[in-house]
1. Has the range 104-122 got at least one residue that is surrounded by 14 or more Cβ atoms within 10 Å (Cβ to Cβ) and either farther than 27 Å from Ala74 by Cα or among the polar types (S, T, N, Q) (or both)?
2. Does Ala99 satisfy the criteria of being modelled with pLDDT of 90 or more, surrounded by 15 or more Cβ atoms within 10 Å (Cβ to Cβ), of a type in the set (Gly, Ala, Ser) and in a loop (DSSP other than H, G, I, E, B)?
3. Can you tell me how many residues in the range 64-81 are surrounded by fewer than 14 Cβ atoms within 10 Å (Cβ to Cβ) and of a type in the set (A, V, I, L, M)?
4. With the requirement that a residue be in contact (Cβ under 8 Å) with a residue 40 or more places away in the chain and in contact with a strand residue (DSSP E or B) (Cβ under 7 Å, 6 or more places away or on another chain), what does the range 32-73 give you?
5. Restricting the search to the range 15-27, which residues are within 17 Å of Asn105 (Cβ to Cβ) and not hydroxyl-bearing (Ser, Thr, Tyr)?
6. Among the candidates Ser98, Ser86, which residue alone is farther than 14 Å from Gly46 by Cα and within 35 Å of the chain's Cα centre (by Cα)?
7. Which members of the range 35-91 meet the condition of being within 21 Å of Lys108 (Cα to Cα), small (Gly, Ala, Ser) and in a loop (DSSP other than H, G, I, E, B)?
8. In the range 9-32, which residues are of a type in the set (A, V, I, L, M) and modelled with pLDDT under 85?
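The values are calculated or read from the model by the stated rules, or taken from the named source; none is laboratory data. What you see is a predicted model, and the numbers here were worked out from it, not measured in a lab. Glycine also receives a Cβ, built like all others from the backbone with ideal geometry; neighbour counts cover every protein chain displayed.
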Amino acid sequence: MKYILFLLLPLFLYAQSSFITQEEYAAQLYKNPRGIGCQHCHGDKGEGRVVAKYIHKKVEKSFAGSAINNLEYAAFYKALNSRIDSMPRYFLTPKEISALYFYLNADKLKKAQALKEAQEAQKAKEAQKAEEIKRAQNTKNVQETKKVSEPLKVEKVLEKSKEENKTQKVEDVVEEPKEITKPDETIDINALFKEATEAKNAK
């Protein structure tokens, strides 16, 4: 299908730059391809038709044009460039063959294009939805991380505060030992003599 659309691109460009539409150009070419119109043998839309009936050796027979609206582009192109019994050769250009193929398969091509666009739109919608879900999940994860980390921070602060208080209490209890002053062992002889004399006089 991509190959067919690529081949039909010149026809689209030609139709856009002319005074008639692409469909009108293709329809006119189908009805007058420089000779007998295709519709006389293959039907208005390439569905095929009986051209004539006749009797041959007492047997009724018919001459019919085959359906050509169900062919792949390669087979269609080959048929128009080959010599086939009971079919005239038109010596059409590749652009004209593409135009005829478009005319016979316009509905299919439009449906295929619409389906492709719908699929692309659906994919884009799904991708956007997935992105939104991803963003929402990331936001949720960030919020949950904050909820978990904040109590932990408070817990750490309290723990640190408790440790500091314990350290302070230990420091208060375990004070640095004070320096013990040794008693003065020096004996004052004069004082002792004076004290003894006073005691004697008192008696």
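1. Yes, because at least one residue in the range 104-122 is surrounded by 14 or more Cβ atoms within 10 Å (Cβ to Cβ) and either farther than 27 Å from Ala74 by Cα or among the polar types (S, T, N, Q) (or both).
2. Considered against the rule, which asks whether it is modelled with pLDDT of 90 or more, surrounded by 15 or more Cβ atoms within 10 Å (Cβ to Cβ), of a type in the set (Gly, Ala, Ser) and in a loop (DSSP other than H, G, I, E, B), Ala99 comes out as no.
3. Looking only at that region, the number is 2.
4. Cys41
5. Ala15, Gln22, Glu23, Glu24, Ala26, Ala27
6. Only one candidate passes the filter, namely Ser98.
7. Gly43, Gly46, Gly48, Ser66, Ala67
8. Leu9, Leu11, Leu13, Ala15, Ile20, listed by residue number.
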